[in-house]
1. Ratio of Rg to Rh for region B:152-198, alpha carbon only, Kirkwood?
2. Separation between the residue A:147 and residue B:172 pseudo-spin-labels, each 7 Å from Cα along Cα→Cβ, expressed in nm?
3. Measuring from the lowest to the highest alpha carbon on each principal axis, how far does chain A reach, largest first, in angstroms?
4. If you bin the C-alpha pair distances of region A:102-210 every 5 Å from 0, what whole percents do you get?
5. Of A:20, A:70, A:187, which has the largest mean-square fluctuation in a 10 Å C-alpha GNM of chain A?
6. Would you tell me the mean number of C-beta atoms belonging to other protein chains that fall within 10 Å of each C-beta in A:172-178, as a whole number?
7. For a protection proxy built on the mean count of beta-carbon atoms within 10 angstrom, sort B:60-66, A:53-59 highest first, please.
8. Could you tell me the relative contact order of chain A? Use alpha-carbon pairs under 8 Å, at least six residues apart, and round to a whole percent.
């Protein structure tokens, strides 16, 4: 993977744009592609879009906020409304990631000979649940920070996907409804989305350490 | 010139025979949320999954961000009663049971221009409880039993229930049994052409005689005949092939059982 510089990424990302962890179909915006990863940025954020196959993408983003740099992935709004109930419920072995998150424990992901701690938490302002990992204290994205965000985007993405794939354990039956996954223009059945999140998670060679 | 027939339903004397008094029921719309349709008030068997809480009294509560679903097992009977508790206003919930779409066919006639006024008058006279529920629904009354619509999982359904204040932490058995009983009565009396004509003497002649009634009810497609033709209402909410005759028999048994429980209190 070559070094990607923040300033060399095309500025084709809106500041308030929050890409869902699963993307589908080309977004038509200018991007810098390096080693099968698409990059585009705003002033304080840049997208890291792993091109999987058949138009599917696994998406995370680096964000510089409050003097800190994080890499994060959005599990979308589906779980955000459940958070108060999750926090009030006992831990359940059928949903280890959500149980850990609800208990405000970090989710530990192992891979590439190392461990990464990922925080899963709701973002009420954005109305989504995020998986995120702290990179460093900084007010800008250095080349090293971009490289770190890229390298650690996969365990963060996998954590978001695992959280999403645990959604069926919360409901009696997955409702027959469609959800938007790309700029509100592309809708897929929720059941399809959950299948894709499980399959995509299996393709990422990081494991959840219980 | 309006024909005035005063009917005292406990709401004061009201102008019966005016379908406009009952043709705009309350509608509670959960379309923006990923929920499934409400379950019919009575299930033949049920093993709920998800965020489930089991109490010691044969009640299993399913928790969701938008409502709680109470599964109440009837001791000695083949069936589980289903009640929903849902936030309604800042200071009230709705506690209700669903009859799915089984009331829709009859309501189409009740609110329609052709027979609505006559049928509404008939209901007010012969089945005042139903008339009161529809009136309270139209008026959005608090604390009164209503027959109203819910939109859940893309399906418009009918429900029997009432508002309860958020300060109320528990519900009496009386309230629970009342809702289940009324819901089962609505289902049994309006889902069968024979039962409907028994509940509302004069119903058949208002709709033009027995052959026309049967043809009209079948055309609506929302009612079941006594022989067990499947309407769109009940069949979808039961998994597999529902035993319609069994459902009716179970409903009648449970209705009798809960009715006995109500009298004992």
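1. Working: Rg = 14.2 Å, Rh = 12.9 Å.
Rounded to two decimals, Rg over Rh is 1.10.
2. The modelled label-to-label distance comes out at 7.4 nm.
3. 48, 35, 32
4. 2, 10, 17, 21, 21, 15, 9, 4, 1, 0
5. Comparing A:20, A:70, A:187 in the GNM, the peak value goes to A:187.
6. 6
7. B:60-66, A:53-59
8. Details: 423 pairs, mean separation 45.2, N = 210.
Computed value for chain A: 22 percent relative contact order.
Only the coordinates and a few stated rules stand behind these numbers; no lab work does. For clarity, every value in this text was computed on a predicted model and none was experimentally measured. Methodologically, a virtual Cβ is constructed for each residue, glycine included, from the backbone with ideal geometry; neighbour enumeration extends over all protein chains shown.
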